[in-house]
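Inspection log for the structure reproduced underneath, given as structure tokens.
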Amino acid sequence: MVENVTSFSRSGLSDFVLQRVSAALMALYTLCVLGFFLANPDVTYPDLIGYFSSVPMLVFSTALIFATAAHAWIGMWTVGTDYIRPHYFGAHATAFRLVYQAGCVAIIFLYVIWALQLFWTL
């Protein structure tokens with residue numbers, strides 16, 4: 001059996017489910033924040049800091065950061081494997097794809113570190 005070691009979960013079905021769950025979590029987070037702004041039309045900066053520094057929102061934001069990272073990785077991995085192949089890039093397609101994937105991992109890692117630092121040091 002051939003296994004692709006660069007896939008997030010090594011299963012197409014798992015990747016599909018993770019994409020949908022992470023998208024639902026992103027939608028729920030958006031609705032939660034939008035609801036806060038609709039319920040508090042005259043929000044002040046201290047109110048905003050209090051809302052985002054509360055433990056439930058910190059946990060929710062952390063879950064969202066990791067869900068977004070997983071969602072982005074699966075999407076970018078799919079794009080890379082669909083479009084960076086020998087048909088388009090010739091014999092060097094694997095090298096191009098590995099560089100592309102390493103770049104994606106680096107950018108997603110930096111995003112996660114930056115976002116966690118942003119939320120946890122409010």
Pairs with Cβ under 7 Å, 6+ apart, first in the stretch 107-122 and free of Cβ contacts under 8 Å to residues at least 40 places away in the same chain, second part of a helix (DSSP H, G or I) and surrounded by 11 or more Cβ atoms within 10 Å (Cβ to Cβ) | 108/69; 108/72; 108/73
Pairs with Cβ under 9 Å, 6+ apart, first in the stretch 14-28 and touching a residue at least 12 places away in the same chain (Cβ under 8 Å), second open to solvent by 60 Å² or more (accessible area, probe 1.4 Å) and of a type outside the set (A, V, I, L, M) | 15/8; 18/8; 22/66
What is the one condition in (1) in contact (Cβ under 8 Å) with a residue 40 or more places away in the chain; (2) open to solvent by 40 Å² or more (accessible area, probe 1.4 Å); (3) not β-branched (Val, Ile, Thr) that residue 61 does not satisfy?
-> (2)
Residues of the stretch 18-39 being surrounded by 15 or more Cβ atoms within 10 Å (Cβ to Cβ) and either aromatic (Phe, Trp, Tyr) or not in a helix (DSSP H, G or I) (or both), in sequence order, are 29, 36
For residues that are open to solvent by 50 Å² or more (accessible area, probe 1.4 Å) and aliphatic (A, V, I, L, M), scanning just the stretch 81-95, find the one that is modelled with the highest pLDDT.
-> 95
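Per-residue answers, yes or no, for (1) part of a helix (DSSP H, G or I); (2) modelled with pLDDT of 95 or more; (3) among the aromatic types (Phe, Trp, Tyr); (4) open to solvent by 30 Å² or more (accessible area, probe 1.4 Å):
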| residue | (1), (2), (3), (4) |
| --- | --- |
| 1 | no, no, no, yes |
| 13 | yes, no, no, yes |
| 41 | no, no, no, yes |
| 56 | yes, yes, no, yes |
| 66 | yes, yes, yes, yes |
| 72 | yes, yes, no, yes |
| 79 | yes, no, no, yes |
| 100 | yes, yes, yes, yes |
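The values are calculated or read from the model by the stated rules, or taken from the named source; none is laboratory data. It should be emphasised that the depicted structure is a prediction, and the values quoted were computed from it without experimental measurement. Positions of Cβ are backbone-derived with ideal geometry, glycine not excepted, and every protein chain shown enters the neighbour counts. Calculation scope for accessible area: heavy atoms of the full protein, side chains included, ligands and nucleic acids excluded. Shrake-Rupley method; radii C 1.70, N 1.55, O 1.52, S 1.80 Å.
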